[in-house]
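The values are calculated or read from the model by the stated rules, or taken from the named source; none is laboratory data. All values derive from a computational prediction rather than experimental measurement. All Cβ positions, glycine included, derive from the backbone under ideal geometry; neighbour counts span all protein chains shown.
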Amino acid sequence: MTVRARIHAFDLVTAYGWGIDPLWRGLNTGQTAIAPTKQFAAADFAINLAATVPDLQVPADSSRVWAMLRRLLAPLANTLDPQTPVILATTVGEIEFVEKAAIAHVGSAATTQADAAAFDHALAANANPKILLGRIKNLLGLQGNAWVMSSACASSTAAISMAASLVTQGKATNVLVVAADALSEFVYAGFAALSSLSETPASPFDANRTGLSLGEAAAWMLITSDPYIENPHDNKTTSPTYITGWGSSSDASHMTAPDPAGGGLCRAISSACTMAHCLPSDAAFFAAHGTATPYSDAMELAAITALMPKPCPVFSIKGGIGHTLGAAGITQLLVAHHALQLHIVPPTVGLTTPDTNAQHCVSNQPIVLPVSQQKPRLAITTNSGFGGVNTAIILSNGVGR
Amino acid sequence: MSQNINTANHAIHAISAISWFTPTQHGSLCTASSALLNSSQSITQDTALKNWCKPSPDLNAPDQPASLLGQSVRYFQRMPAEARYALCAAGLAIHAADLNPVATTIGLLAGRFDGTLAANIAYFQDYLEAGRSLARGNMFVYTLPTSVLGSVSVVLNLRGPAFYLDHEQLPLQSLITHASYLISTRESQAMLILWSDASAAVCIAVGAMPDHARDQRTHQMLMDLFNHDNDDAGNPPSPSALAHRLQQQVTHS
């Protein structure tokens, strides 16, 4: 008997709306949710596009991240075993608290230095994701172990990997992963400074891509242990999705630019495949990070090409919902899970003319997968981020291991 | 009263070295009984000792960090203080643990938010003061909890996993446990745990080490240190406090 980590339940919100259905529908109809934003003084930037959650009500003393999470998590309150471990994945979390403290301080310093209001460190310190973690535990009635996990844009993939490891090691039977990042002036200004933003909605893997579009999302996923007994006669066509392998690496080449050859990502994928006892070529499709920046997409295509002897469907969801930073991994993994269940690879929104290296694997149309009852269908989902981090997860859906 | 970490004791067995860097002192402790003395990669003759500490050099001096780490570092003077201290502590730990980044996959873990918060505030205030329309990219890249890890991995050629992991109550012990797990699953062959902020950095090297290779006295000292490291409020020690405690251990040993 092998203990495996299974996706038991989840929910999410993206710029398409609340739940997986609007996200799936949005991606498959090819309509982007990226549009001009009025959330902050974005008009001061040369580019003002972003994908924001519609009609999000945010109290003045709260944050967009908490507004998303509170609504998403409320139905879970007091329904879980209180000892359920929780892992929060985020990059900047409730960064509004730093913004508010700095704006109050610098704004008041317009007269003289002596008159300037002291910087409110207590307010800024609320941006510590550990405080958000405590709030999540209180809302849900949890009392067990709790961690904040961050690994740039691979944060939620790293958190899911850790959750799966706790389950497969027998250290927990259920682990809750929560991930969120919101659109903020803080991050927007930073990516603008790095000239990473696209003047048009992001078009991952397109030959004419020029950069990313920022988005926001939140999600939770309950991963449970699943003692699995091999049964070759179990021919059910729909079955749970398991997290069977994971791996991570660093490029060790540059803080913001990826290794052009994709060597770091190859190592992460290979490590995940080794754990899952599979080959990259066993994958039915890749759920790629696909930010739509010229270098990052090229790096991913180089890695996939190096590992795959023949083309395999690849998709990115960032042309639809933008780059959701710490929530990017969990969001695309849940889309991959849905794709495995429905036997359909979603299109890459925004794709017009595929990059030379993407012509045989990326599509702006859904791809229907053949249904096999003989072996499980595998998907590989990958993320990369600042500092050269790479993560990969293998999902398995279907009969057998 | 400090919280005990019995559940993590098995992981502590894998600590091979611990190094620290503060503006006043830096040093290393090594749990291996012979590895360091056989090292062929000594950074300087001074540091080819097993347990040592000495006054820190001025990192703004033109010969730094080359004379400390044995290699020059591009843009070192542009890095925030936390990144510079972390880099020095990590370089010392790699040397003390006799690790070879070319031959060994080495990963990184960090778990303190103070340095990130300081970088966040500095970046956003600078952006506001500049007229709120143009930020500094070089400050933005240091605003993530893993930014320091990125710097260290690039400079020291560390190709393993790099995560920020902060346990609600036992952050330091949890990092050691997770480092041990990543080694056991072969995601990495060795791990460096960075416990750093803008005032000091401590780096713990974790790797597989057979019992016969371990210096039991130093090992017992580290076990005591990590079993009783929280203050009365349950908070783990700051990097400065931990570095000071390590320094005292070297002085008294």
(request) Give the residues of the stretch A:369-388 that are within 18 Å of A:SER316 (Cα to Cα) and polar (S, T, N, Q), sorted by residue number. (result) A:THR381, A:THR382, A:ASN383, A:SER384
(request) Determine whether A:VAL98 is under 23 Å from A:THR291 (Cβ atoms), at pLDDT 95 or above and touching a helix residue (DSSP H, G or I) at 6+ places or on another chain (Cβ under 7 Å). (result) no
(request) Answer yes if at least one residue in the stretch A:381-389 is of a type in the set (A, V, I, L, M, F, W, C), modelled with pLDDT of 95 or more and more than 17 Å from the chain's Cα centre (by Cα), and no otherwise. (result) no
(request) Kindly indicate whether A:GLY247 is within 14 Å of another protein chain (Cβ to nearest Cβ) and under 23 Å from B:ARG159 (Cα atoms). (result) yes
(message) I'm checking my understanding of the structure. Among residues of the stretch A:277-288 that are in a loop (DSSP other than H, G, I, E, B) and closer than 14 Å to A:ALA379 by Cβ, which one is nearest to the chain's Cα centre (by Cα)?
(response) A:ALA288
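Can B:ARG84 be described as at pLDDT below 90, under 30 Å from B:ASN120 (Cβ atoms) and among the basic types (Lys, Arg)?
It is false that B:ARG84 is at pLDDT below 90, under 30 Å from B:ASN120 (Cβ atoms) and among the basic types (Lys, Arg).
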(request) State yes or no: is A:ALA219 buried (at least 23 other Cβ atoms within 10 Å of the Cβ), more than 14 Å from chain B (Cβ to nearest Cβ), closer than 30 Å to A:THR2 by Cα and at pLDDT 95 or above? (result) yes
(request) Please enumerate the residues belonging to the stretch B:124-152 that are among the aliphatic types (A, V, I, L, M), more than 7 Å from chain A (Cβ to nearest Cβ) and assigned to a loop (DSSP other than H, G, I, E, B). (result) B:ALA130
(message) Of everything in the stretch A:47-89, what is polar (S, T, N, Q) and closer than 25 Å to A:ALA172 by Cα? Give them in sequence order.
(response) A:ASN78, A:THR79, A:GLN83, A:THR84
(request) Determine which member of the set A:LEU80, A:LEU27, A:LEU69 is closer than 26 Å to A:ALA164 by Cβ and touching a strand residue (DSSP E or B) at 6+ places or on another chain (Cβ under 6 Å). (result) A:LEU69
(request) Select from the stretch A:25-36 the residues that are buried (at least 19 other Cβ atoms within 10 Å of the Cβ) and of a type outside the set (Gly, Ala, Ser) and write down the one among them that is nearest to A:HIS323 (Cα to Cα). (result) A:ILE34
(request) Report, by residue number, each residue of the stretch B:186-209 that is acidic (Asp, Glu) and within 12 Å of chain A (Cβ to nearest Cβ). (result) B:GLU187
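Here's a check for you: in the stretch A:350-361, which residue that is touching a strand residue (DSSP E or B) at 6+ places or on another chain (Cβ under 9 Å) and more than 15 Å from A:LYS310 (Cβ to Cβ) is surrounded by the fewest Cβ atoms within 10 Å (Cβ to Cβ)? Before the answer, list the steps.
First, the residues of the stretch A:350-361 that are touching a strand residue (DSSP E or B) at 6+ places or on another chain (Cβ under 9 Å): A:350-355, A:358, A:360-361.
Checking the rest, the ones that are also more than 15 Å from A:LYS310 (Cβ to Cβ) come to A:350-355.
On the way: A:GLY350: 25, A:LEU351: 25, A:THR352: 10, A:THR353: 14, A:PRO354: 20, A:ASP355: 20.
Only one residue tops the list, namely A:THR352.
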(message) Take the residues in the stretch B:177-196 that are in contact with a Leu (Cβ under 9 Å, 6 or more places away or on another chain) and hydrophobic (A, V, I, L, M, F, W, C); name whichever of them is surrounded by the most Cβ atoms within 10 Å (Cβ to Cβ).
(response) B:LEU192
(request) Hand me the list of helices (runs of 4 or more DSSP H) wholly inside the stretch A:98-206 holding 1 or more residues that are closer than 25 Å to A:LEU333 by Cα. (result) A:129-140, A:155-168, A:185-193
(request) Considering only residues that are touching a Lys or Arg at 6+ places or on another chain (Cβ under 7 Å) and hydrophobic (A, V, I, L, M, F, W, C), look in the stretch A:140-169 and name the one that is farthest from A:THR90 (Cα to Cα). (result) A:ALA146
(request) Select from the stretch A:180-216 the residues that are polar (S, T, N, Q) and either touching a Cys at 6+ places or on another chain (Cβ under 9 Å) or surrounded by fewer than 24 Cβ atoms within 10 Å (Cβ to Cβ) (or both) and list them in ascending order. (result) A:SER195, A:SER196, A:SER198, A:THR200, A:ASN208, A:THR210
(request) Restricting attention to the stretch B:153-185, report how many residues are assigned to a helix (DSSP H, G or I), in contact with a Phe, Trp or Tyr (Cβ under 9 Å, 6 or more places away or on another chain), at the interface with chain A (Cβ under 8 Å from one of its Cβ atoms) and not small (Gly, Ala, Ser). (result) 1
(request) Tell me, yes or no, whether the stretch A:352-373 has at least one residue that is at positive phi and part of a loop (DSSP other than H, G, I, E, B). (result) no
(request) State whether the residues of the stretch B:91-114 include one that is polar (S, T, N, Q), crowded, with 22+ Cβ neighbours inside 10 Å and within 10 Å of chain A (Cβ to nearest Cβ). (result) no
(request) Only residues that are of a type in the set (A, V, I, L, M, F, W, C) and either surrounded by fewer than 20 Cβ atoms within 10 Å (Cβ to Cβ) or touching a Ser or Thr at 6+ places or on another chain (Cβ under 7 Å) (or both): list them for the stretch B:119-146, please. (result) B:ALA119, B:ALA122, B:LEU128, B:ALA130, B:LEU134, B:VAL141, B:LEU144
(message) Considering only residues that are more than 9 Å from chain B (Cβ to nearest Cβ) and either hydroxyl-bearing (Ser, Thr, Tyr) or out of contact with any Pro (no Cβ under 9 Å at 6 or more places or on another chain) (or both), which ones fall in the stretch A:162-181?
(response) A:ALA164, A:VAL167, A:THR168, A:GLY170, A:THR173, A:VAL177, A:VAL178, A:ALA179, A:ALA180, A:ASP181
